[in-house]
1. W219: farther than 21 Å from A78 by Cβ, of a type in the set (A, V, I, L, M, F, W, C) and either in a helix (DSSP H, G or I) or more than 18 Å from the chain's Cα centre (by Cα) (or both), yes or no?
2. Could you tell me whether I108 is among the aliphatic types (A, V, I, L, M), surrounded by fewer than 18 Cβ atoms within 10 Å (Cβ to Cβ) and either modelled with pLDDT of 90 or more or not in a helix (DSSP H, G or I) (or both)?
3. For I173, state whether it is at negative phi, touching a helix residue (DSSP H, G or I) at 6+ places or on another chain (Cβ under 9 Å) and assigned to a loop (DSSP other than H, G, I, E, B).
4. Name every residue in the stretch 158-181 that is open to solvent by 20 Å² or more (accessible area, probe 1.4 Å), among the basic types (K, R) and under 14 Å from I212 (Cβ atoms), in order of residue number.
5. Determine, yes or no, whether P147 is open to solvent by 40 Å² or more (accessible area, probe 1.4 Å) and in contact with a Phe, Trp or Tyr (Cβ under 6 Å, 6 or more places away or on another chain).
6. Being at negative phi, open to solvent by 10 Å² or more (accessible area, probe 1.4 Å) and assigned to a loop (DSSP other than H, G, I, E, B) narrows it down to one of R134, R141, so name that one.
7. So is D155 open to solvent by less than 40 Å² (accessible area, probe 1.4 Å), at pLDDT below 95 and of a type in the set (D, E, K, R) or not?
8. Can you tell me which residue is farthest from G225 (Cα to Cα) among those in the stretch 182-193 that are of a type in the set (A, V, I, L, M, F, W, C) and open to solvent by less than 10 Å² (accessible area, probe 1.4 Å)?
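The values are calculated or read from the model by the stated rules, or taken from the named source; none is laboratory data. Note that this is a predicted model, so its numbers are computed, not measured. When we count neighbours, we look across all protein chains shown, and the Cβ atoms used for this are built from the backbone with ideal geometry, even at glycine. SASA here: full protein model, heavy atoms, side chains in, ligands and nucleic acids out. Shrake-Rupley method; radii C 1.70, N 1.55, O 1.52, S 1.80 Å.
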Amino acid sequence: MSSTAGAFHQQHQPQQQSPRSPIVAAAVAAAAAIGAVSGGSAGGVVGWTNKRSPIHHLTTSQDVINQGKCLCGEYIRARLKRSGLLNRKILQRLRNSMEHCMAGSGGIGGGAVVREALPILNGMGEELERMHPRLYSNVSRQISNEPWGELTEPDTVGYLLHVVAKDLFKSGITWGKVISLFAIAGGLAVDCVRQDHADYLQQLIEGTADVIEEDLSGWLVERGGWLGLQDHVHPPQPEISVTGWVSITALTLAVIYIVSLFLRVIGSGYAEPERSTN
(Lines give C-alpha, C1' and ligand atoms only; values in the text may rest on other atoms or scores of the structure.)
Protein backbone atom coordinates (compact mmCIF):
# COMPACT_ATOMS: atom_id res chain seq x y z
CA MET A 1 0.00 0.00 0.00
CA SER A 2 1.26 3.52 -0.75
CA SER A 3 2.80 5.53 2.11
CA THR A 4 0.06 8.15 2.09
CA ALA A 5 -2.65 5.50 2.16
CA GLY A 6 -0.80 3.68 4.95
CA ALA A 7 -0.56 6.87 7.01
CA PHE A 8 -4.24 7.56 6.46
CA HIS A 9 -5.03 3.99 7.49
CA GLN A 10 -3.17 4.40 10.79
CA GLN A 11 -4.68 7.82 11.44
CA HIS A 12 -8.30 6.89 10.80
CA GLN A 13 -8.41 3.28 11.93
CA PRO A 14 -10.09 4.01 15.31
CA GLN A 15 -12.87 6.01 13.67
CA GLN A 16 -13.52 3.60 10.77
CA GLN A 17 -12.80 0.11 11.96
CA SER A 18 -15.02 -1.89 9.62
CA PRO A 19 -17.47 -1.40 6.79
CA ARG A 20 -21.15 -1.77 7.34
CA SER A 21 -22.03 -5.40 6.86
CA PRO A 22 -25.03 -4.93 4.51
CA ILE A 23 -22.98 -3.79 1.50
CA VAL A 24 -20.43 -6.57 1.92
CA ALA A 25 -23.10 -9.24 2.40
CA ALA A 26 -25.00 -7.94 -0.60
CA ALA A 27 -21.82 -7.74 -2.67
CA VAL A 28 -20.96 -11.36 -1.86
CA ALA A 29 -24.46 -12.46 -2.85
CA ALA A 30 -24.32 -10.42 -6.05
CA ALA A 31 -20.89 -11.83 -6.86
CA ALA A 32 -22.20 -15.38 -6.42
CA ALA A 33 -25.12 -14.61 -8.73
CA ILE A 34 -22.98 -13.09 -11.46
CA GLY A 35 -20.55 -16.01 -11.17
CA ALA A 36 -23.38 -18.50 -11.65
CA VAL A 37 -24.58 -16.85 -14.87
CA SER A 38 -21.15 -15.88 -16.22
CA GLY A 39 -21.43 -18.48 -18.94
CA GLY A 40 -24.81 -17.14 -20.01
CA SER A 41 -26.10 -13.63 -20.54
CA ALA A 42 -23.10 -11.92 -18.99
CA GLY A 43 -20.75 -13.84 -21.20
CA GLY A 44 -22.78 -12.91 -24.25
CA VAL A 45 -21.62 -9.31 -23.94
CA VAL A 46 -18.38 -10.17 -25.65
CA GLY A 47 -19.89 -12.10 -28.52
CA TRP A 48 -17.07 -14.48 -29.28
CA THR A 49 -15.93 -17.94 -28.30
CA ASN A 50 -12.62 -18.62 -26.61
CA LYS A 51 -10.76 -21.03 -28.88
CA ARG A 52 -7.47 -20.71 -27.04
CA SER A 53 -6.12 -23.95 -25.60
CA PRO A 54 -6.43 -24.08 -21.79
CA ILE A 55 -2.77 -23.35 -21.01
CA HIS A 56 -1.39 -21.22 -18.22
CA HIS A 57 -0.90 -17.67 -19.48
CA LEU A 58 2.60 -16.48 -18.56
CA THR A 59 2.30 -13.51 -16.23
CA THR A 60 3.82 -12.08 -13.06
CA SER A 61 2.50 -10.30 -9.99
CA GLN A 62 3.67 -6.95 -11.30
CA ASP A 63 1.89 -7.65 -14.59
CA VAL A 64 -1.48 -8.22 -12.93
CA ILE A 65 -1.03 -5.16 -10.69
CA ASN A 66 -0.24 -2.81 -13.59
CA GLN A 67 -2.91 -4.31 -15.84
CA GLY A 68 -5.45 -4.21 -12.99
CA LYS A 69 -4.69 -0.54 -12.47
CA CYS A 70 -5.36 0.13 -16.15
CA LEU A 71 -8.56 -1.93 -16.02
CA CYS A 72 -9.74 0.03 -12.99
CA GLY A 73 -9.19 3.35 -14.75
CA GLU A 74 -11.01 2.15 -17.85
CA TYR A 75 -13.86 0.73 -15.78
CA ILE A 76 -14.24 4.04 -13.93
CA ARG A 77 -14.30 5.87 -17.25
CA ALA A 78 -17.09 3.60 -18.50
CA ARG A 79 -19.03 3.90 -15.23
CA LEU A 80 -18.86 7.70 -15.25
CA LYS A 81 -20.00 7.69 -18.87
CA ARG A 82 -22.99 5.48 -18.01
CA SER A 83 -23.85 7.91 -15.21
CA GLY A 84 -23.60 10.96 -17.48
CA LEU A 85 -20.71 12.41 -15.44
CA LEU A 86 -17.81 12.04 -17.88
CA ASN A 87 -16.46 15.26 -19.37
CA ARG A 88 -13.24 16.25 -21.07
CA LYS A 89 -11.55 17.40 -17.89
CA ILE A 90 -12.27 14.16 -16.05
CA LEU A 91 -11.34 12.08 -19.10
CA GLN A 92 -7.97 13.81 -19.31
CA ARG A 93 -7.46 13.29 -15.58
CA LEU A 94 -8.12 9.56 -16.00
CA ARG A 95 -5.76 9.36 -18.95
CA ASN A 96 -3.02 10.99 -16.90
CA SER A 97 -3.69 8.56 -14.05
CA MET A 98 -3.35 5.56 -16.38
CA GLU A 99 -0.37 6.82 -18.38
CA HIS A 100 2.25 5.08 -16.27
CA CYS A 101 0.32 1.84 -15.86
CA MET A 102 -0.20 1.57 -19.63
CA ALA A 103 3.52 2.07 -20.17
CA GLY A 104 4.29 -0.69 -17.68
CA SER A 105 1.30 -2.95 -18.25
CA GLY A 106 3.59 -5.91 -18.15
CA GLY A 107 5.17 -8.40 -20.50
CA ILE A 108 4.65 -8.78 -24.20
CA GLY A 109 1.18 -7.68 -25.22
CA GLY A 110 0.26 -6.24 -21.83
CA GLY A 111 -1.93 -3.64 -23.52
CA ALA A 112 -3.62 -6.41 -25.50
CA VAL A 113 -4.46 -8.17 -22.22
CA VAL A 114 -6.23 -5.04 -21.00
CA ARG A 115 -8.11 -4.66 -24.29
CA GLU A 116 -9.26 -8.30 -24.24
CA ALA A 117 -10.25 -8.42 -20.57
CA LEU A 118 -11.96 -5.01 -20.40
CA PRO A 119 -15.13 -5.86 -22.41
CA ILE A 120 -15.84 -8.84 -20.15
CA LEU A 121 -15.04 -6.94 -16.96
CA ASN A 122 -17.10 -3.94 -17.99
CA GLY A 123 -20.00 -6.04 -19.27
CA MET A 124 -20.26 -8.14 -16.11
CA GLY A 125 -19.85 -5.06 -13.92
CA GLU A 126 -22.64 -3.30 -15.77
CA GLU A 127 -24.80 -6.39 -15.29
CA LEU A 128 -24.16 -6.21 -11.55
CA GLU A 129 -25.12 -2.52 -11.52
CA ARG A 130 -28.33 -3.31 -13.38
CA MET A 131 -29.25 -6.20 -11.09
CA HIS A 132 -28.43 -4.33 -7.85
CA PRO A 133 -28.71 -0.57 -8.49
CA ARG A 134 -28.95 0.37 -4.80
CA LEU A 135 -25.86 -1.60 -3.87
CA TYR A 136 -23.52 0.03 -6.39
CA SER A 137 -24.76 3.61 -5.99
CA ASN A 138 -24.18 6.01 -3.07
CA VAL A 139 -21.40 3.65 -2.05
CA SER A 140 -19.58 6.12 0.19
CA ARG A 141 -22.74 6.61 2.27
CA GLN A 142 -22.99 2.84 2.79
CA ILE A 143 -19.42 2.27 3.96
CA SER A 144 -18.31 5.58 5.50
CA ASN A 145 -18.93 6.67 9.08
CA GLU A 146 -19.49 10.23 7.92
CA PRO A 147 -23.16 11.28 8.28
CA TRP A 148 -23.78 11.70 4.55
CA GLY A 149 -20.88 9.69 3.21
CA GLU A 150 -18.72 12.75 2.63
CA LEU A 151 -15.30 12.07 1.16
CA THR A 152 -13.30 14.53 3.23
CA GLU A 153 -9.73 13.67 2.23
CA PRO A 154 -8.08 12.31 -0.95
CA ASP A 155 -6.98 9.06 0.71
CA THR A 156 -10.47 8.36 2.05
CA VAL A 157 -11.60 6.53 -1.10
CA GLY A 158 -8.57 4.24 -1.15
CA TYR A 159 -9.00 3.43 2.51
CA LEU A 160 -12.72 2.70 2.20
CA LEU A 161 -12.10 0.39 -0.76
CA HIS A 162 -9.31 -1.34 1.17
CA VAL A 163 -11.59 -2.02 4.16
CA VAL A 164 -14.40 -3.36 1.97
CA ALA A 165 -11.98 -5.57 0.05
CA LYS A 166 -10.61 -7.14 3.24
CA ASP A 167 -14.11 -8.12 4.29
CA LEU A 168 -15.16 -9.12 0.78
CA PHE A 169 -12.27 -11.53 0.20
CA LYS A 170 -11.82 -12.92 3.71
CA SER A 171 -14.01 -15.93 2.85
CA GLY A 172 -12.22 -16.60 -0.43
CA ILE A 173 -11.69 -15.11 -3.87
CA THR A 174 -13.87 -15.67 -6.93
CA TRP A 175 -14.15 -13.90 -10.25
CA GLY A 176 -17.59 -12.71 -9.19
CA LYS A 177 -16.11 -10.98 -6.14
CA VAL A 178 -13.37 -9.41 -8.26
CA ILE A 179 -16.04 -7.98 -10.59
CA SER A 180 -17.97 -6.76 -7.55
CA LEU A 181 -14.86 -4.95 -6.28
CA PHE A 182 -14.57 -3.06 -9.57
CA ALA A 183 -18.29 -2.22 -9.44
CA ILE A 184 -17.84 -0.80 -5.93
CA ALA A 185 -14.82 1.22 -7.13
CA GLY A 186 -16.98 2.54 -9.96
CA GLY A 187 -19.65 3.56 -7.46
CA LEU A 188 -17.05 5.39 -5.37
CA ALA A 189 -15.85 7.17 -8.52
CA VAL A 190 -19.40 8.43 -9.11
CA ASP A 191 -19.50 9.69 -5.51
CA CYS A 192 -16.17 11.48 -5.97
CA VAL A 193 -17.40 13.38 -9.02
CA ARG A 194 -20.80 14.19 -7.54
CA GLN A 195 -19.10 15.57 -4.41
CA ASP A 196 -16.86 17.72 -6.61
CA HIS A 197 -13.77 15.65 -5.81
CA ALA A 198 -12.73 14.45 -9.26
CA ASP A 199 -9.14 14.91 -8.10
CA TYR A 200 -9.69 11.91 -5.79
CA LEU A 201 -9.96 9.52 -8.75
CA GLN A 202 -6.18 9.08 -8.85
CA GLN A 203 -6.19 7.88 -5.22
CA LEU A 204 -9.10 5.55 -5.99
CA ILE A 205 -7.18 3.91 -8.85
CA GLU A 206 -4.06 3.65 -6.69
CA GLY A 207 -6.14 2.16 -3.89
CA THR A 208 -7.49 -0.50 -6.25
CA ALA A 209 -3.94 -1.34 -7.31
CA ASP A 210 -3.02 -1.72 -3.60
CA VAL A 211 -5.90 -4.16 -3.11
CA ILE A 212 -4.80 -6.17 -6.14
CA GLU A 213 -1.23 -6.26 -4.85
CA GLU A 214 -2.15 -7.28 -1.30
CA ASP A 215 -5.11 -9.60 -1.84
CA LEU A 216 -5.45 -10.69 -5.46
CA SER A 217 -2.10 -10.84 -7.26
CA GLY A 218 -1.19 -14.40 -6.24
CA TRP A 219 -4.68 -15.71 -7.04
CA LEU A 220 -4.66 -13.95 -10.42
CA VAL A 221 -1.21 -15.25 -11.37
CA GLU A 222 -2.33 -18.81 -10.62
CA ARG A 223 -5.17 -18.33 -13.12
CA GLY A 224 -3.08 -16.83 -15.88
CA GLY A 225 -3.68 -13.20 -14.98
CA TRP A 226 -6.61 -11.16 -16.23
CA LEU A 227 -6.96 -13.37 -19.30
CA GLY A 228 -8.16 -16.02 -16.89
CA LEU A 229 -11.44 -14.10 -16.85
CA GLN A 230 -11.88 -15.05 -20.50
CA ASP A 231 -11.35 -18.69 -19.66
CA HIS A 232 -13.88 -18.41 -16.82
CA VAL A 233 -16.61 -16.82 -18.95
CA HIS A 234 -15.80 -18.68 -22.17
CA PRO A 235 -14.16 -22.02 -21.28
CA PRO A 236 -11.54 -22.93 -23.90
CA GLN A 237 -12.74 -25.42 -26.50
CA PRO A 238 -10.56 -28.52 -26.35
CA GLU A 239 -8.78 -29.23 -29.61
CA ILE A 240 -9.19 -32.70 -31.15
CA SER A 241 -5.87 -34.47 -31.61
CA VAL A 242 -4.79 -36.39 -34.71
CA THR A 243 -5.56 -39.63 -32.90
CA GLY A 244 -9.01 -38.30 -32.10
CA TRP A 245 -9.70 -37.44 -35.73
CA VAL A 246 -8.51 -40.91 -36.81
CA SER A 247 -10.83 -42.53 -34.27
CA ILE A 248 -13.77 -40.41 -35.44
CA THR A 249 -13.06 -41.26 -39.08
CA ALA A 250 -12.77 -44.99 -38.32
CA LEU A 251 -16.00 -44.93 -36.33
CA THR A 252 -17.82 -43.11 -39.14
CA LEU A 253 -16.61 -45.62 -41.75
CA ALA A 254 -17.65 -48.51 -39.51
CA VAL A 255 -21.15 -47.06 -39.13
CA ILE A 256 -21.44 -46.58 -42.89
CA TYR A 257 -20.31 -50.19 -43.49
CA ILE A 258 -22.82 -51.60 -40.98
CA VAL A 259 -25.65 -49.54 -42.45
CA SER A 260 -24.76 -50.70 -45.99
CA LEU A 261 -24.78 -54.35 -44.86
CA PHE A 262 -28.14 -53.86 -43.19
CA LEU A 263 -29.60 -52.31 -46.33
CA ARG A 264 -28.18 -55.14 -48.42
CA VAL A 265 -29.83 -57.73 -46.17
CA ILE A 266 -33.14 -55.94 -46.38
CA GLY A 267 -32.83 -55.72 -50.16
CA SER A 268 -32.13 -59.45 -50.53
CA GLY A 269 -35.11 -60.22 -48.26
CA TYR A 270 -37.44 -58.38 -50.63
CA ALA A 271 -35.91 -60.07 -53.66
CA GLU A 272 -36.56 -63.65 -52.44
CA PRO A 273 -40.41 -63.43 -52.33
CA GLU A 274 -40.45 -61.94 -55.84
CA ARG A 275 -38.46 -64.90 -57.21
CA SER A 276 -40.79 -67.37 -55.50
CA THR A 277 -43.84 -65.71 -57.08
CA ASN A 278 -42.34 -65.88 -60.56
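1. yes
2. yes
3. In short, yes.
4. K166
5. Against the criterion (open to solvent by 40 Å² or more (accessible area, probe 1.4 Å) and in contact with a Phe, Trp or Tyr (Cβ under 6 Å, 6 or more places away or on another chain)), P147 does not qualify.
6. Going through R134, R141 in turn, the sole match is R134.
7. yes
8. Out of the qualifying residues, it is C192.
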